[in-house]
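Q: A single structure is presented below for examination.
The values are calculated or read from the model by the stated rules, or taken from the named source; none is laboratory data. For clarity, every value in this text was computed on a predicted model and none was experimentally measured. In this analysis, Cβ positions are derived from the backbone assuming ideal geometry, glycine residues included, and neighbour counts consider all displayed protein chains. We work out accessible area using only protein heavy atoms, side chains counted, and drop any ligands, DNA or RNA first. Shrake-Rupley method; radii C 1.70, N 1.55, O 1.52, S 1.80 Å.
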Amino acid sequence: MTIRITAFERSPDGGRGLARDTRVRWALEEVGQPYEVHPVSFAAMKQPAHLALHPFGQIPTYEDGGLVLFETGAIVLYIADRYSGLLPGDANARARAISWMFAALNTVEPPILELTIAKLIEGDKPWAAERMPLVADRIRNRLGQLAHRLGDAEWLDGAFSAGDLMMVSVLLRLRASRILDDYPTLSAYVARGEARPAYMRAFAAQLAAFSSAPPPG
Ligand SMILES: N[C@@H](CCC(=O)N[C@@H](CS)C(=O)NCC(=O)O)C(=O)O
């Protein structure tokens, strides 16, 4: 059976890489596994059929034979563990790459998500303008620490790994804010991720799905 993932039927960014199925597509492209995409509407995501795959009614999900997974961290880790190309063979290096996956999701992504919430959901609240600098400071703090650790290296820990895939995916969400521009080594790191042929294939496939779809309305 071909691997099947779910993705937005109508993506808020029009398929420009911000929806989280991008990371799963990217991981599958890196390890050379074909997959099919099942688009789901916002309404269908909250219906029993989809909730049976994803308890929180979100995308992406991952199905392979009898296995159903949700949460991009778990999905990418499963792919990286099952197929070669995303985790080093050495046990310690493998554990460090997994640490970077968790760091991306648990330490770097939360303040970035806060910024999205502050702008898109709480932007009209009377306290929004006061809160925004605090949110941006928390992101800057993490970016400074990350840039310090990356230094002039190409990737976070030796060769490109699932840790880099997840970190680049998370940092990409900052693009519209332009905060990354103040961290040239991190901007270059993200650009290196985006230049990987597997990322480009994943991005193009996601975008193509929306170019052929009628515009949201
Ligand atoms: N922690 C989850 C987050 C999943 C998530 O937030 N998915 C978004 C799309 S990128 C979604 O489905 N949003 C619609 C909703 O929550 O109703 C993961 O990494 O898989």
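Q: Of the residues that sit in the range 54-110 and are away from the ligand (no atom under 16 Å from the Cβ) and polar (S, T, N, Q), which one is surrounded by the fewest Cβ atoms within 10 Å (Cβ to Cβ)?
A: Ranking the qualifying residues of the range 54-110, first place goes to 92.
Q: Now for a different question. Do the conditions hold for residue 153, that is, is it out of contact with any Lys or Arg (no Cβ under 7 Å at 6 or more places or on another chain), modelled with pLDDT of 95 or more, open to solvent by less than 60 Å² (accessible area, probe 1.4 Å) and part of a loop (DSSP other than H, G, I, E, B)? Can you show your working first?
A: Values: out of contact with any Lys or Arg (no Cβ under 7 Å at 6 or more places or on another chain): yes; modelled with pLDDT of 95 or more: yes; open to solvent by less than 60 Å² (accessible area, probe 1.4 Å): yes; part of a loop (DSSP other than H, G, I, E, B): yes.
Yes.
Q: Moving on. Within the range 58-72, can one find any residue that is on the phi > 0 side of the Ramachandran plot and more than 19 Å from the chain's Cα centre (by Cα)? So that I can check it myself, show each step before the final result.
A: As a first pass, look at the range 58-72 and keep what is on the phi > 0 side of the Ramachandran plot: 65, 71.
Then keep just the ones that are more than 19 Å from the chain's Cα centre (by Cα); that gives 65.
Yes: one or more hits.
Q: Restricting to the range 21-41, count the residues that are without any contact (Cβ under 8 Å) to a residue 60 or more places away in the chain and under 16 Å from residue 209 (Cβ atoms). Walk me through it before giving the result.
A: Within the range 21-41, the first condition is being without any contact (Cβ under 8 Å) to a residue 60 or more places away in the chain, and the residues that meet it are 24, 31-36, 38, 40-41.
Narrowing the set further to residues that are under 16 Å from residue 209 (Cβ atoms) leaves 24, 34-36, 38, 40-41.
Total meeting the criteria: 7.
Q: Check whether at least one residue in the range 71-89 is farther than 24 Å from residue 159 by Cβ and without any contact (Cβ under 8 Å) to a residue 60 or more places away in the chain, and report yes or no.
A: Looking only at the range 71-89, we keep the residues that are farther than 24 Å from residue 159 by Cβ, and these are 71.
Imposing the further condition that a residue be without any contact (Cβ under 8 Å) to a residue 60 or more places away in the chain reduces the set to 71.
Taking every residue of the range 71-89 in turn, at least one turns out to be farther than 24 Å from residue 159 by Cβ and without any contact (Cβ under 8 Å) to a residue 60 or more places away in the chain.
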